[in-house]
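These notes are about the structure you will find just below.
The values are calculated or read from the model by the stated rules, or taken from the named source; none is laboratory data. Just so you know, these numbers come straight off a predicted model, no measurement behind them. In this analysis, Cβ positions are derived from the backbone assuming ideal geometry, glycine residues included, and neighbour counts consider all displayed protein chains.
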Amino acid sequence: MAKKKQEESSEGAPEWMVTFSDMTTLLLTFFVMLIAMANFDKVKYETVKASFKDSMGILSGWDEPEVPPLIPPIRQKFNNEEDRMRGIGYRIKKKFVEEGKPKSVNFVTKKEGLLLTLRESDSIGFSTGGTQLTLGMRAVLDEIAGEVKSESNRIIIAGHTDSQPMIKGGRFPSNWELSVSRARSVQQYLIQAGVSEGQTSIAGYADTQPIPIREEGLKMSLTERQKANRRVEILVVRKHQLPTQ
């Protein structure tokens, strides 16, 4: 009887071999997963592959892994500059929100670059009909200068006015001269605050580029829209543009 049991138990693979095979399969699966999830360094991969070929004579038919495509250099430069510009706008905005002056300056990143908009308010702006900077305006420009003076991007300062005509016989014959002169006042202040004069330029648009009504809402009165149009825009121009498709 004992002999019969011994013969029955000898049929098939030993129990330890089944366990060993399971363990080997799991290990193989584990290493396949590691290879699949790895970020291959092509140089190191070729070195290891060559070592296996020379020393063990295997892996000759092993296909090379598919290396993820690298981000094109121009895209990487664009992304880095985009992050830097958003950081400048965010820090400036955050500063005045904390001081309870959230409307002192607004920012948006556009195709051309970072656009900072300084709109007239109780504390931000110029002397009535003139170009003298208010104390609030100077405080905003100090913050902007602190952020952009270490950058080498071009900076374009544009003056805008409302549609009310200038008083005859006044200092400025039209809104064109007033808008350019206000942009020049801002430029001079930024230069005094440390921004390189060579990277700045100015422009004046008078009342030819009003704020679109849809941006401010239809509930704004004419007086409020006129006030919103009296503004200075500072464009930090991008160095890196994505190629057009």
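Could we say that Gly136 is crowded, with 16+ Cβ neighbours inside 10 Å, free of Cβ contacts under 8 Å to residues at least 40 places away in the same chain and not aliphatic (A, V, I, L, M) here? Spell out the reasoning first.
Values: crowded, with 16+ Cβ neighbours inside 10 Å: yes; free of Cβ contacts under 8 Å to residues at least 40 places away in the same chain: yes; not aliphatic (A, V, I, L, M): yes.
Criteria met by Gly136.
Across the stretch 198-228, what is the total count of residues that are at pLDDT below 85, in a loop (DSSP other than H, G, I, E, B) and charged (D, E, K, R)?
Selection size over the stretch 198-228: 1.
Determine whether the stretch 218-229 contains at least one residue that is loosely packed, with under 15 Cβ neighbours inside 10 Å, charged (D, E, K, R) and assigned by TED's automatic domain parsing to the domain that holds Thr109. Give the steps one after another, and end with the answer.
Of the residues in the stretch 218-229, the ones loosely packed, with under 15 Cβ neighbours inside 10 Å are 218-219, 221-224.
Those left that are additionally charged (D, E, K, R): 219, 224.
So of that shortlist, the ones also assigned by TED's automatic domain parsing to the domain that holds Thr109 come out as 219, 224.
Scanning the stretch 218-229 turns up at least one residue that is loosely packed, with under 15 Cβ neighbours inside 10 Å, charged (D, E, K, R) and assigned by TED's automatic domain parsing to the domain that holds Thr109.
Which one is farthest from Gly113 (Cα to Cα) among residues in the stretch 154-190 that are touching a strand residue (DSSP E or B) at 6+ places or on another chain (Cβ under 7 Å) and surrounded by fewer than 17 Cβ atoms within 10 Å (Cβ to Cβ)?
The initial filter retains those residues of the stretch 154-190 that are touching a strand residue (DSSP E or B) at 6+ places or on another chain (Cβ under 7 Å), namely 154-160, 176, 179-180, 182-187, 189-190.
Then keep just the ones that are surrounded by fewer than 17 Cβ atoms within 10 Å (Cβ to Cβ); that gives 154, 184.
Working: Arg154: 10, Arg184: 21 Å.
Of everything passing the filter in the stretch 154-190, Arg184 is farthest from Gly113 (Cα to Cα).
Check Ser179, Ser201 and return the single one that is more than 29 Å from the chain's Cα centre (by Cα) and touching a residue at least 24 places away in the same chain (Cβ under 8 Å). I'd like the intermediate steps shown before the answer.
Details: Ser201 fails: more than 29 Å from the chain's Cα centre (by Cα).
One residue alone meets the criteria, Ser179.
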